[in-house]
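Below: the structure, in structure tokens.
The values are calculated or read from the model by the stated rules, or taken from the named source; none is laboratory data. None of the values given here were measured: they were computed from a predicted structure. Glycine gets a Cβ as well: all are built from the backbone with ideal geometry, and neighbour counts include every protein chain shown.
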Ligand SMILES: Cc1cc2nc3c(=O)[nH]c(=O)nc-3n(C[C@H](O)[C@H](O)[C@H](O)COP(=O)(O)OP(=O)(O)OC[C@H]3O[C@@H](n4cnc5c(N)ncnc54)[C@H](O)[C@@H]3O)c2cc1C
């Protein structure tokens with residue numbers, strides 16, 4: 001991925017489609033459109049998956065709770081959405097098996113009746129997943145339950161185990177953008193759409209784009225603009241046509257990160273009911289345990305939705321009835337918050353009841369197409385619906401090709417390749433496994449890019465060569481791009497991230513030609529941000 005070359009293309013070429021926003025929706029649309037033969041530009045304000053798409057619960061699922069709601073409320077739209085999610089699990093895993101895999105989830109229950117209820121519910125959930133090879137739901141007795149998660153409370157009666165998928169959301173999004181780039185799309189990050197140029201009929205003909213790295217403004221011409229800015233969707237809709245009404249009701253969800261001893265398991269736990277009537281997941285992620293999420297309306301979209309103290313209390317309280325030794329605040333290593341791009345169907349609904357489905361909206365006045373709402377799980381179907389609509393508007397007949405399209409690093413992937421990497425490069429096992437899982441068939445390219453194979457932080461498998469590789473080939477332009485999205489250290493351990501900043505900054509400075517002053521300023525800014533996270537959560541790390 002070559003940012004300068006792509007920026008040059010943005011300035012000099014005329015595109016069929018210009019996609020605004022490089023999250024799951026935008027990157028998914030870019031890949032779909034370029035595979036159908038369109039000339040595509042993809043423009044992202046910060047970094048690929050910088051917002052919601054790197055801050056999800058990382059599940060590829062139909063949504064157990066949505067199934068329950070669908071039955072309780074006779075809501076067929078909700079049921080359709082569950083079915084779509086379950087059907088897509090298989091495709092999401094197939095196309096990038098290094099970044100997504102099946103995950104067993106255990107639901108502890110406290111009576112025979114509860115066990116019966118969840119077994120029926122989760123068995124029905126499995127029925128909706130046709131063409132799926134995941135194991136079916138199973139009622140486990142107490143002994144079997146403890147074999148899966150030994151840290152649960154002895155008060156439980158039994159548990160129900162079922163399967164969904166799990167993905168590394170940020171790297172999956174990068175793989176989509178990277179695959180679109182390799183297929184011919186002009187993909188750039190750190191560039192903001194700040195305005196539009198219109199023809200005499202009010203239709204969009206060009207976008208004003210600010211390159212946030214070199215502080216330069218360019219104009220990008222396209223026949224069709226597609227708004228994929230997630231929770232910011234209304235700002236682009238209104239920029240294109242100020243007479244439109246707002247459609248989105250963003251809702252904040254946070255996760256906290258705890259040490260692996262909380263679960264001592266490769267399996268996850270589903271807490272079926274919280275005080276406010278939702279579900280909470282306790283999931284192994286990157287060697288740690290992630291707990292989330294919350295669901296609260298959020299209005300200040302210009303401010304990052306970071307973790308606050310009360311949210312930690314809520315999540316720890318929710319864990320209390322399920323874990324024998326409930327962790328305390330001092331064990332929290334980090335946390336993160338994201339905004340769900342929910343569509344407001346009727347004014348007074350609480351955000352937890354708003355349907356997580358998507359909508360492709362066409363504004364005839366400006367000719368803007370907007371992809372609103374949705375979930376990570378269904379990103380490919382959302383992109384298909386959007387590009388089907390683009391085909392109609394641009395008068396092109398072309399079939400969607402993404403269902404069987406491997407993403408970068410996914411084709412011929414075999415996890416066992418880590419052993420060959422180990423034999424050739426004589427690295428420790430955890431480092432080789434990490435490289436295989438995160439870069440797939442391109443793991444060796446990381447080691448070919450540099451012989452700096454020592455660890456960035458002694459407790460984690462990330463190595464210095466990854467800084468060089470991700471700057472050169474994955475469009476890393478800032479410390480946060482590297483720590484939060486190419487690797488996930490910021491999400492799992494604030495203290496380790498803070499102490500690794502200078503090491504990474506030094507390597508990055510040489511690659512990106514930062515001056516000494518720039519390097520210092522970038523390190524200081526990022527450390528300040530991390531301190532702000534720690535203060536806002538009011539924890540000691
Ligand atoms: C807490 C939480 C948990 C979730 N868990 C799950 C889950 O487990 N499974 C699941 O399927 N879904 C989950 N979701 C939903 C899923 O994460 C989102 O639906 C999805 O990531 C949204 O992707 P997006 O591309 O629409 O939005 P985003 O990821 O927010 O992308 C929009 C992008 O647009 C960019 N942008 C904004 N304005 C501009 C501009 N002017 N110019 C250029 N770029 C711009 C932003 O920087 C951003 O990167 C969860 C969501 C949350 C908040």
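One table, with the values for the structure above:
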{"quantity": "Which listed residue is in contact with a strand residue (DSSP E or B) (Cβ under 6 Å, 6 or more places away or on another chain) and either more than 16 Å from the ligand (Cβ to nearest atom) or at pLDDT below 95 (or both), from 65, 94, 80, 89", "calculated": "89"}
{"quantity": "Failed criterion for residue 366 (all others in (1) within 27 Å of the chain's Cα centre (by Cα); (2) within 16 Å of the ligand (Cβ to nearest atom); (3) in contact (Cβ under 8 Å) with a residue 60 or more places away in the chain hold)", "calculated": "(1)"}
{"quantity": "Close pairs from segment 20-43: first part of a strand (DSSP E or B), partner more than 13 Å from the ligand (Cβ to nearest atom), Cβ under 6 Å, at least 6 apart", "calculated": "40/17; 40/33; 40/34; 40/185; 41/15; 41/186; 42/185"}
{"quantity": "Index of the failed condition, residue 9 passing every other in (1) assigned by TED's automatic domain parsing to the domain that holds residue 177; (2) surrounded by fewer than 21 Cβ atoms within 10 Å (Cβ to Cβ); (3) within 15 Å of the ligand (Cβ to nearest atom)", "calculated": "(3)"}
{"quantity": "Tally of residues being more than 23 Å from residue 492 (Cα to Cα), in contact with a helix residue (DSSP H, G or I) (Cβ under 7 Å, 6 or more places away or on another chain) and in contact (Cβ under 8 Å) with a residue 60 or more places away in the chain across segment 122-160", "calculated": "4"}
{"quantity": "Boolean, residue 58 is modelled with pLDDT of 90 or more, crowded, with 24+ Cβ neighbours inside 10 Å and either within 30 Å of residue 489 (Cα to Cα) or more than 9 Å from the ligand (Cβ to nearest atom) (or both)", "calculated": "yes"}
{"quantity": "Residue that is nearest to residue 78 (Cα to Cα), among those in segment 372-390 that are in contact with a strand residue (DSSP E or B) (Cβ under 6 Å, 6 or more places away or on another chain) and within 15 Å of the ligand (Cβ to nearest atom)", "calculated": "374"}
{"quantity": "Selection from segment 263-285 of residues that are at pLDDT 95 or above and within 15 Å of the ligand (Cβ to nearest atom)", "calculated": "268, 269, 270, 271, 280, 281, 282, 283, 284, 285"}
{"quantity": "Number of positions in segment 37-47 that are more than 8 Å from the ligand (Cβ to nearest atom) and buried (at least 22 other Cβ atoms within 10 Å of the Cβ)", "calculated": "4"}
{"quantity": "Pick from segment 223-262, criterion touching a residue at least 12 places away in the same chain (Cβ under 8 Å), away from the ligand (no atom under 14 Å from the Cβ) and not in a helix (DSSP H, G or I), ranking: nearest to the chain's Cα centre (by Cα)", "calculated": "258"}
{"quantity": "Lone qualifier among 524, 451, 430, 481 - being closer than 30 Å to residue 308 by Cβ, outside the structural domain of residue 176 (by TED's automatic domain parsing) and surrounded by fewer than 20 Cβ atoms within 10 Å (Cβ to Cβ)", "calculated": "524"}
{"quantity": "Residues satisfying the stated conditions in segment 118-137, i.e. touching a strand residue (DSSP E or B) at 6+ places or on another chain (Cβ under 8 Å) and not in a loop (DSSP other than H, G, I, E, B)", "calculated": "118, 119, 122, 125, 126"}
{"quantity": "Residue match in segment 180-200 (condition: closer than 28 Å to residue 244 by Cβ, away from the ligand (no atom under 11 Å from the Cβ) and out of contact with any strand residue (DSSP E or B) (no Cβ under 8 Å at 6 or more places or on another chain))", "calculated": "yes"}
